[in-house]
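See below for the structure under consideration.
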């Protein structure tokens, strides 16, 4: 299933959802990506200071990939229901 995220909060929610689907704690995900639990927490909250490298490590640890494509015409309100 594709997940659409247009901001850091939505991307963080998608990562949290996938982590929970895999029955991982934030600490366990952190271990997989050689990061602290606090780093995973900040990523899931969508904190804007998160480094791109941290995001890429989290995606790899969760067996996810990032696809960049033109935006859909769905409104932000319609996408909110996905999170």
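The values are calculated or read from the model by the stated rules, or taken from the named source; none is laboratory data. Quantities reported herein were computed from a predicted structural model and do not represent experimental measurements. Positions of Cβ are backbone-derived with ideal geometry, glycine not excepted, and every protein chain shown enters the neighbour counts.
Quick notes on this one:
- Pairing each residue of segment 10-35 that is under 18 Å from residue 48 (Cα atoms) with any residue that is part of a loop (DSSP other than H, G, I, E, B), provided the two are 6+ apart or on different chains, yields C-beta distances under 6 Å for 10/83; 11/5; 12/46; 13/83; 14/3; 14/5.
- Considering segment 41-53, the residues that are surrounded by 15 or more Cβ atoms within 10 Å (Cβ to Cβ), under 17 Å from residue 5 (Cα atoms) and free of Cβ contacts under 8 Å to residues at least 40 places away in the same chain include one that is farthest from the chain's Cα centre (by Cα), namely 42.
Results for (1) under 14 Å from the mean Cα position of the chain (by Cα); (2) at pLDDT 90 or above, shown as yes or no for each residue.
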{"residue": "9", "(1), (2)": "yes, yes"}
{"residue": "23", "(1), (2)": "no, yes"}
{"residue": "28", "(1), (2)": "no, yes"}
{"residue": "36", "(1), (2)": "no, yes"}
{"residue": "39", "(1), (2)": "yes, yes"}
{"residue": "62", "(1), (2)": "yes, yes"}
{"residue": "71", "(1), (2)": "no, no"}
{"residue": "75", "(1), (2)": "no, no"}
{"residue": "79", "(1), (2)": "no, no"}
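- Hits in segment 1-30 (condition: out of contact with any helix residue (DSSP H, G or I) (no Cβ under 9 Å at 6 or more places or on another chain) and surrounded by fewer than 17 Cβ atoms within 10 Å (Cβ to Cβ)): 1, 2, 17, 20, 21, 23
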